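Here the structure comes first, spelled out in structure tokens, and everything after it is commentary.
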Amino acid sequence: QVQLVESGGGLVQAGGSLRLSCAASGSIWNFNAMGWHRQAPGKQRELVAIISSGRLNYADSVKGRFTISADYTKNTIALQMNSLSPDDTAVYYCYARALRTRTDIWGQGTMVTVSS
């Protein structure tokens, strides 16, 4: 099964930027959806951004600040996060749905901490 490995998390001050990257062990052409979720302490996991059927969708809370992209030559999925606020503090998970088996694949998560 394809594995997803995130990188790029860390500590940043409010107003700063971070870029998360997710490397797939196989071709991302085999996914029919891919994106990022996050889970803040004490909260449920929520969708942040997703690419599905060629469309990009974002949570209202990140629209205009975050940008999702995919590189089909490098099999990576990136999340550019700008104008970060402490409310963005969470573990960020890379996600993909396999086209053929329709199974969900998750990365191990990367922590993003935004200080005020």
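The values are calculated or read from the model by the stated rules, or taken from the named source; none is laboratory data. These numbers come from a predicted model, not from an experiment. Cβ placement follows ideal geometry from the backbone for every residue including glycine, while neighbour counts extend to all protein chains displayed. Just the protein is used for accessible areas: all its heavy atoms, side chains included, with ligands, DNA and RNA removed. Shrake-Rupley method; radii C 1.70, N 1.55, O 1.52, S 1.80 Å.
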Which count do you get for residues in the stretch 13-33 that are surrounded by 13 or more Cβ atoms within 10 Å (Cβ to Cβ), closer than 13 Å to VAL112 by Cβ and either more than 17 Å from the chain's Cα centre (by Cα) or polar (S, T, N, Q) (or both)? 3
Log entry, pairs with first residue in the stretch 57-73 being more than 12 Å from LEU20 (Cα to Cα) and free of Cβ contacts under 8 Å to residues at least 40 places away in the same chain, second being of a type in the set (Ser, Thr, Tyr) and not in a strand (DSSP E or B), beta carbons closer than 9 Å, six or more apart or on different chains, reads GLY64/SER83; ARG65/SER83; ARG65/SER85
So how many residues does the stretch 50-68 have that are farther than 19 Å from LEU99 by Cβ and of a type in the set (Gly, Ala, Ser)? 3
Suppose the filter is farther than 11 Å from CYS94 by Cβ and in contact with a Leu (Cβ under 8 Å, 6 or more places away or on another chain); does ARG55 pass it? no
Limited to the stretch 75-116, what total is found for residues that are surrounded by fewer than 16 Cβ atoms within 10 Å (Cβ to Cβ) and of a type in the set (Asp, Glu)? 2
Of all the residues that make up the stretch 34-60, how many are in a loop (DSSP other than H, G, I, E, B), of a type outside the set (Asp, Glu) and open to solvent by 60 Å² or more (accessible area, probe 1.4 Å)? 7
I'm told ASP71 meets every condition in (1) open to solvent by 20 Å² or more (accessible area, probe 1.4 Å); (2) over 14 Å from ILE28 (Cβ atoms) except one. Can you identify the failing condition by its number? (2)
